Every structure is written in structure tokens, then in C-alpha cells.
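The values are calculated or read from the model by the stated rules, or taken from the named source; none is laboratory data. Fair warning: this is a prediction, and the values are worked out from it, not measured in the lab. Note that we place each Cβ from the backbone using ideal geometry, even for glycine, and neighbour counts take in every protein chain shown.
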Amino acid sequence: MGLAKNYFDNPFSLGNQMTQDKTITKKSKSNFYYAFSVLPREKREAIYTLYSFCRQTDDIADGNASAGRKQKTLDYWENELFRQFNYHNHTRFDKVWKIAQKFRIPLEYFLELINGVRMDLVQSRFHSIEDLMNYCYRVASVVGLMSIQIFGYRDERVKEYAVNLGIALQLTNIMRDVGTDADMGRVYLPLEDLEKFGVTELDIIRKKHSDSFFQLMNYQYQRAQTFYQQAAAALPTSERRNMIPSQIMKNIYHHLLQLMEHRHFPVLQQKVEIPNLVQISIAFKTILTEAVLSI
């Protein structure tokens, strides 16, 4: 959030921020940090830079500036990327471009992410699950598709794994953040689902926990579970070792999903989080498990 605020105060002042990629990743308290830590140095530094770009792009939508200013900032962000990728001009994205070239990450993935963030600026509701899936693909699945380029793979089925896992992670995020999103007037749960369970938008905004809300959240839980299962089914045995970082992410987020369900979805009143030591434990267990399963 702070990065975005500083950027809005001076849209051209972020020059050195891209050199602080590890710090940005760690300070964000992201569940991803522990997953990235297992990578070899070159790939680890590349993924830190990628995450820094994604984090800062997302923070633009969450900043305190007006919607018009945010739109202009995203337009500037996009134009700088075009200049860097197409004309190799030296911009704030020089480091991002070098990593994209080395790991063959197409420009379209970066642009999809920006378009996903744009959706945050123009809509705070999603009528159908199809609408939400489009958003999830843009802000999460494309991040997975970029990440697997850095992790390395040979089997093209890994792309299906990345897409499904990205959706699973984003659905988990949406469930966790129902309360904090409500504070900003946002309701990311599909409106058709609210109607199905007799929950109104005002119930969410006013943080009214009820049996209907529990049933609504349990429905979201089951949907997220389906995408975790589809991701697991799409991961070839031959790629399990390469995908250890993403498997750590999967297991941490799946633990978060299970924790919300176990606590009966208290997400309107509190943000459910996993302690750092538990995340580290999950990471170690995942490394050991994947090493065995990849044999």
C-alpha cells in the first residue's frame, strides 16, 4: 500500500524500487516468500523481481488516489512496459524485461495482469462465477504462468496446473478478505451466489454473520477445493520437483482454506492468517513430500 501511495505522490519517483525486490516480497508478509526461498539464487532473484512487479501493480488499485489518477498510473505503467519490451528503451522495467527475456515470459502476461488490476478500478461486484473467473485468471493465473517459466518445465500440462492453481489461490484470497474488502465497499463473491443463499450485498457490507452467510461461504469453500483438486490432477509426476515452490504455495493456501472452514468462516470480523512458523513447517513438509513423489 505504501509503495502505491508514494508513487501517486510522484508518478515518476519509483526509480529504485525495482531494486528492492526481496524486501518488497518479505515485507508484504506474503505466503509466497517461503515458497520462493527454496529456489536457486538466480531463479529466486528473478521471482522476487516478478513478485515485486505484481505487488506494485496491484497496489496501484488499492492506493488512496482518485480512480482517474489510478487509471492514468496504470496507463503509464502499461506504456512503459510497451517501450521496454518493444523498443528496449531504458525504463523502470529494465530488470523485469531482462528476466522476461531470459525466462521467455511473454509481454501479454504482464498486460493481462494490468487489465485485471483495471477491473478493480471499474467494478467492485461480479454478477456471475464466469465474470469472477475472468478476473481470477488475469490477477492470479497469469502470475502462475509467469512463475512456471522461471521454475522451469518440459511438460505443457504444467500450464493447466498453473491456471487452476492460480484460481484456487485467488478464491482463497477472496474468501479470506471478505471483511476487509467490505470495508472498501467491495463484494467479490458472485452476486448470483449471494442470491442463491439469500444473502444481500448490504449484509456483507454490514458484516452480518448468519446461517445463510455460512452456507454461502461453504459453497465458496467447495468451489475452491475443486480448483485445488484440478490443479493436483494436472501436475505431471515428472514436473513435481520443478514445481516445489508452487506446491509450497498450494499447501500453505490450502491450509488457510481449511483453517477458515474449521473456524466456520469468521472472515467478516477478522482476517484469518497462518503463523510464520506454521508456514515454514508446511514448506519443509512439502519439500520432503515432493522429493519422494517425484521419484
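For this structure, a couple of remarks:
- Yes/no for residue 99 being at pLDDT 95 or above and out of contact with any strand residue (DSSP E or B) (no Cβ under 6 Å at 6 or more places or on another chain): yes
- Qualifying residues in segment 241-284 (those that are basic (Lys, Arg) and modelled with pLDDT of 95 or more) - the one nearest to residue 32 (Cα to Cα): 250
- Annotation note: of 138, 154, the sole residue that is among the basic types (Lys, Arg), assigned by TED's automatic domain parsing to the domain that holds residue 273 and over 22 Å from residue 32 (Cβ atoms) is 154.
- When the residues of segment 76-128 are filtered to those that are in a helix (DSSP H, G or I) and basic (Lys, Arg), the one that is nearest to residue 185 (Cα to Cα) is 118.
- Scoring residue 130 on the criteria (1) over 30 Å from residue 241 (Cα atoms); (2) buried (at least 16 other Cβ atoms within 10 Å of the Cβ); (3) outside the structural domain of residue 38 (by TED's automatic domain parsing) leaves a single failure, condition (2).
- Considering 261, 239, the condition of being within 21 Å of residue 177 (Cβ to Cβ) and either in contact (Cβ under 8 Å) with a residue 60 or more places away in the chain or out of contact with any Pro (no Cβ under 9 Å at 6 or more places or on another chain) (or both) is satisfied by 261 alone.
- Per the conditions (1) surrounded by fewer than 17 Cβ atoms within 10 Å (Cβ to Cβ); (2) modelled with pLDDT under 95; (3) not in a loop (DSSP other than H, G, I, E, B), the sole criterion not satisfied by residue 229 is (2).
- Residues within segment 179-211 that are basic (Lys, Arg) and crowded, with 16+ Cβ neighbours inside 10 Å, tallied: 1
- Residue that is nearest to residue 153 (Cα to Cα), among those in segment 241-287 that are among the polar types (S, T, N, Q) and in contact with a Ser or Thr (Cβ under 8 Å, 6 or more places away or on another chain): 246
- Pair list, Cβ < 8 Å and 6+ apart or interchain, from segment 190-211 residues that are assigned by TED's automatic domain parsing to the domain that holds residue 222 to residues that are assigned to a loop (DSSP other than H, G, I, E, B) and of a type in the set (A, V, I, L, M): 204/189; 204/268; 207/268; 208/268; 209/268; 210/199
- Matching residues, segment 134-157, being over 16 Å from residue 102 (Cα atoms) and within 13 Å of the chain's Cα centre (by Cα): 135, 136, 137, 138, 139, 140, 141, 142, 143, 144
- Identity of the residue in segment 34-75, in contact with a Pro (Cβ under 9 Å, 6 or more places away or on another chain) and not in a helix (DSSP H, G or I), that ends up modelled with the lowest pLDDT: 37
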